[in-house]
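Asker: Take a look at this one; I'll ask things after.
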Amino acid sequence: MNWVLENISFIASLLTDHIVFSLVPVVIGLVIAVPLGWLANRAGFGRAVVVNLAGLLYTIPSLALFVFLPVILGTGILDPINVIVALSVYTVALLVRTVADALEAVPPLVVDAATAMGFTPFRRFVAAELPISVPVILAGVRVAAVSSISLVTVGSVIGFGGLGQMFTDGFQRSITAEVVAGIVLVVVLALVVDGLLLLIGRMLTPWDRTARAVAQGATA
């Protein structure tokens, strides 16, 4: 506890870096994955190609990607953009299948009704298909966010900031309190972000909450 109090500004700086490195890629990945998932859902045979390619990207070891990206991007080995790009790739890989599956699960009656009202494919997607898909997509975002928070710690092995730096520094200097504090902060951050995303999901889908309440009332 004394170590934490004596290094509070250091911890705050690492925590800020960790939040930026982990959550910015989730936002970028979501923005890219939604149109890709939409295309995959409409592409028929192409869906398998897109989804399998996304799955293949996720199998790349994170440390290897952190090291290899500077060669592709022409950046320095410790440039933060490497972390942002790498985790954005992982987020896209996770969410493409989620978005495609969520859109595929939209009831055909909804799609037919929107088409009958004269909606263009894009307007139908934005006004009808996407809102219904929000609960499933946000469930995938929650997984991606927690995964991103954990993967940022891997970057500390090659010198990136974030809470993972507390692991490497603590081990090198045999400061157990620093290692424990780092582990606790990563877990708490993941729980807080997951809880916030769950709350956001409920706020964005009031109809889903109403349906659950009706279902619970019917079974009571």
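Asker: When Leu163, Leu65, Leu199 are ordered from fewest to most other Cβ atoms inside 10 Å of their Cβ, what list results?
Answerer: The most exposed by this proxy come first: Leu199, Leu65, Leu163.
Asker: Would you work out the relative contact order for region 1-125, in percent, from Cα pairs under 8 angstrom that are 6 or more residues apart?
Answerer: Value for region 1-125: 34 percent.
Asker: Given Cα pairs under 8 Å that are at least 6 residues apart, what percent is the relative contact order of the chain?
Answerer: 25 percent
Asker: Sort Ile32, Ile11 by Cβ crowding within 10 Å, fewest neighbours at the top.
Answerer: Placing the least packed residue first, the sequence is Ile32, Ile11.
Asker: Taking 1 over the mean of 1/r across every pair of different Cα atoms in region 2-219, what Kirkwood radius in Å do you get?
Answerer: 19.3 Å
Asker: Fewest first, what order do Val96, Val141, Val27, Val50 take by the number of other Cβ atoms within 10 Å?
Answerer: Arranged by neighbour count, lowest to highest, Val96, Val141, Val27, Val50 become Val27, Val50, Val141, Val96.
Bear in mind that the values in this text are calculations on the coordinates, not laboratory data. It should be emphasised that the depicted structure is a prediction, and the values quoted were computed from it without experimental measurement. Don't worry about glycine lacking a Cβ; one is built from the backbone with ideal geometry, like all the others, and counts go over all protein chains shown.
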